[in-house]
Amino acid sequence: MITVKNITLNFGTRVLFEDVNVQFSTGNCYGVIGANGAGKSTFLKIISGEVESTRGSVEISPGSRMAVLKQDHFQFDDHSVIDTVMMGHQPLWEITQERAAIYSKADFSEADGMRAGELEVEFGEMGGYEAESDAGSLLSSLGVKEEFHNSLMKDIPSILKVRVLLAQALFGNPDILLLDEPTNGLDIETITWLEDFLADYPHIVLVVSHDRHFLDAVCTHVADVDRKKVKVFSGNYTFWYESSKLMARQIADKNKKVEDKRKAMMEFIARFSANASKSRQATSRKKALEKLTIEDIEPSHRKYPGIIFQPLREPGNQILNVSNLSKEVDGRILFKDVSFSVNKGDKIAFYSRDPLAVTQFFEILDGNVTPDTGEAEWGVTITPAYLPQENGEFFNEELNLMDWLRQWVPPHVTDVDEPFLRGFLGKMLFSGEEIFKKTSVLSGGEKVRCMLSRMMLQNPNCIVLDQPTNHLDLESIQAFNEQCMEYKGVVLLSSHDHTFMQTVANRIIELTPNGIIDRLTTVDEYLADDRVKALRMEMYGDAETV
């Protein structure tokens, strides 16, 4: 068990946490959520001891071993991959090192022999004889091939370092597991493996993630970081979000009787509990919900941006025609012979084993990159708006937000005054004097919200989104997701957010070096289709998939 008592943390005059009291129990997985800047990562660092609180204490059950997902990708550069993983179990690693040092001695003494005997007992009790095999198995499960296991960390591709550090945290089944954004850099198959691993995990897990599908799959509870406090609620992210919205509506409905409100809430809990019984964490989640009382549910204090795309005109029959499009970068074929047409009502999710392929494809559509062969032609009635993955070039000038947005006003908009621009910025939660903030001091999330204001100004009937959830908090992701579901125009989308892709897309196009796979289906159906799996292996020319 972890017991947090009266934790307060000040940074100068800023109070991040104030008298936080909360407990985390064995057998539960807690999704730590909160707006950007609320202190989610800092809270995990307080628990791990990396950050010292101004006041209060963190008490951990005696003998409990804690593991933390490291964020420094260069910390273990001079160690082998397999050793880096085993270093995650520090007591075992120290015994391993001492044991190796004794056996390497040329003048092995009687005292060394006695100590070696003691170490062998401890080594065996900790699973030392299977440790290297277990570490290798863990690495393979996370997509790190055996050929890299004995390489130095500094010599492996940077994308694999994330996976090695995740294996390090998971190694040896620690009693307490702290994971900050563990799905970053993972493909869909590896995320699914991690979901299964954590769903069956018998100890305490605290995880910070913006991936709602992941949180729903693994969490028995939500730890909500808001207004300098941390409150724990039973259920996964979707339950917290939906129940919070329902409670807010109940409070707003002053004419509804108390008994009716309570009945509606109990029916909601019962429905969710029934759904939980079908999940991978059926037992623990259902038990948690059965103990839930109405008083435990509170409306969220979060603010959600108003992301609303209003097309100026309905798309015609000719939307986008792509013919024989190919692109190669540094001798690497990203995609070849891509041909398809976009139809009315299409909301297309784009995949590729190579993430650069989708980005280059979208950049071609926006006219920023020239294809090696072929062409992409928009219909004359189409007004596309593009959200690129990298937006640095849009913020080179030192402008305040008002002047920054003014430069993107399209010709069809005439009456552009301060209230007009304030309205768009206000929808993106920039209020009061914030609209005069300089673009040079914006965070990653604020820049994305500015880019969304720019898109809304264009009144598009087709939106192109390359990793739209990057840098956004859960509130912005949720609002963005819901708008894309309701949007009447065409959507071309690529995202690591499984829920976003699953709930928005009705068509899947996968770009490969040998053509495309094009299916009218949902993401989940596409990924589960055995015929598609076989075709993907054929199209990529090997057994690897995205």
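Residue selection: Pro410 fails the criterion of being buried (at least 17 other Cβ atoms within 10 Å of the Cβ) and closer than 30 Å to Lys347 by Cα. Any chance the range 101-109 includes a residue that's assigned to a loop (DSSP other than H, G, I, E, B), open to solvent by 30 Å² or more (accessible area, probe 1.4 Å), without any contact (Cβ under 8 Å) to a residue 12 or more places away in the chain and touching a helix residue (DSSP H, G or I) at 6+ places or on another chain (Cβ under 7 Å)? Within the range 101-109, one or more residues are assigned to a loop (DSSP other than H, G, I, E, B), open to solvent by 30 Å² or more (accessible area, probe 1.4 Å), without any contact (Cβ under 8 Å) to a residue 12 or more places away in the chain and touching a helix residue (DSSP H, G or I) at 6+ places or on another chain (Cβ under 7 Å).
Applying a threshold of 8 Å to beta carbon distances and a minimum spacing of six or more residues, or different chains, the list of pairs starting in the range 1-16 at a residue that is of a type in the set (A, V, I, L, M) and ending at one that is outside any strand (DSSP E or B) and open to solvent by 70 Å² or more (accessible area, probe 1.4 Å) reads Met1/Thr26; Leu9/Thr54; Val15/Lys228; Leu16/Lys228. Within the range 160-191, being open to solvent by 60 Å² or more (accessible area, probe 1.4 Å) and either within 24 Å of Leu44 (Cα to Cα) or modelled with pLDDT of 95 or more (or both) holds for Asn173, Asn184. When the range 50-63 is filtered for residues that are more than 20 Å from Pro182 (Cβ to Cβ) and out of contact with any strand residue (DSSP E or B) (no Cβ under 7 Å at 6 or more places or on another chain), the ones remaining, listed by number, are Glu52, Ser61, Pro62, Gly63. Could you list, in sequence order, all residues of the range 302-331 that are in a strand (DSSP E or B) and under 18 Å from Ser352 (Cα atoms)? Listed by number, the residues that qualify are Val322, Asn324, Leu325, Ser326, Lys327, Glu328, Val329. Do we find that Pro355 is within 30 Å of Ile159 (Cα to Cα) and within 26 Å of the chain's Cα centre (by Cα) in this structure? Spelling it out, Pro355 is indeed within 30 Å of Ile159 (Cα to Cα) and within 26 Å of the chain's Cα centre (by Cα). In the range 116-124, is there at least one residue being open to solvent by less than 80 Å² (accessible area, probe 1.4 Å) and under 21 Å from Phe197 (Cβ atoms)? Scanning the range 116-124 turns up no residue that is open to solvent by less than 80 Å² (accessible area, probe 1.4 Å) and under 21 Å from Phe197 (Cβ atoms). Checked against the criterion of being exposed (fewer than 15 other Cβ atoms within 10 Å of the Cβ) and of a type in the set (Phe, Trp, Tyr), the range 393-401 contains not a single residue that satisfies it. Listed by first and then second residue, the pairs with beta-carbon distance under 9 Å, at least 6 apart or on different chains, first residue in the range 404-419 and at negative phi, second open to solvent by less than 80 Å² (accessible area, probe 1.4 Å) and at pLDDT below 85, are Arg406/Val416; Val409/Val416.
In the range 386-406 there is no residue matching the filter, namely being among the small types (Gly, Ala, Ser) and assigned to a strand (DSSP E or B). Residue count for the range 300-324, restricted to those that are open to solvent by less than 50 Å² (accessible area, probe 1.4 Å) and over 28 Å from Asn459 (Cα atoms): 1.
Looking for something surrounded by fewer than 18 Cβ atoms within 10 Å (Cβ to Cβ) and touching a strand residue (DSSP E or B) at 6+ places or on another chain (Cβ under 6 Å) - is there at least one such residue anywhere in the range 23-35? So far as the range 23-35 goes, yes, one or more of its residues are surrounded by fewer than 18 Cβ atoms within 10 Å (Cβ to Cβ) and touching a strand residue (DSSP E or B) at 6+ places or on another chain (Cβ under 6 Å). Filtered by the rule that a residue be outside any helix (DSSP H, G or I), open to solvent by 60 Å² or more (accessible area, probe 1.4 Å) and not hydroxyl-bearing (Ser, Thr, Tyr), the range 430-460 gives a lone residue, Lys438. Checked against (1) touching a helix residue (DSSP H, G or I) at 6+ places or on another chain (Cβ under 9 Å); (2) within 30 Å of Glu59 (Cβ to Cβ); (3) of a type in the set (S, T, N, Q), Asn173 passes all but condition (1). Every listed requirement among (1) open to solvent by less than 40 Å² (accessible area, probe 1.4 Å); (2) under 17 Å from the mean Cα position of the chain (by Cα) is met by Asp196 save one, (1). Just so you know, in the range 135-154 the residues that are within 22 Å of the chain's Cα centre (by Cα) and not in a helix (DSSP H, G or I) include one that is surrounded by the fewest Cβ atoms within 10 Å (Cβ to Cβ), and it is Gly143.
Being hydrophobic (A, V, I, L, M, F, W, C) and crowded, with 17+ Cβ neighbours inside 10 Å is the filter here, so list the residues in the range 67-80 that pass it. Selection gives Ala67, Val68, Leu69, Phe76. Pro157 meets the conditions (1) free of Cβ contacts under 8 Å to residues at least 12 places away in the same chain; (2) more than 28 Å from the chain's Cα centre (by Cα); (3) open to solvent by 30 Å² or more (accessible area, probe 1.4 Å) in every case but one. The failed one is (2).
Taken over the range 492-546, the criterion of being surrounded by fewer than 15 Cβ atoms within 10 Å (Cβ to Cβ) and closer than 22 Å to Glu195 by Cα is satisfied by Asp524, Glu525, Ala528, Asp530, Lys533, Glu544. For the structure I just gave you, tell me whether Ala131 is surrounded by fewer than 14 Cβ atoms within 10 Å (Cβ to Cβ) and small (Gly, Ala, Ser). Considered against the rule, which asks whether it is surrounded by fewer than 14 Cβ atoms within 10 Å (Cβ to Cβ) and small (Gly, Ala, Ser), Ala131 comes out as no.
The values are calculated or read from the model by the stated rules, or taken from the named source; none is laboratory data. Everything numeric here is computed off the predicted structure, so don't read it as measured data. FYI the Cβ positions are ideal-geometry reconstructions off the backbone, even for glycines, and counts take in every protein chain you see. The area values use the complete protein model at the heavy-atom level, side chains included, leaving out ligands, DNA and RNA. Shrake-Rupley method; radii C 1.70, N 1.55, O 1.52, S 1.80 Å.
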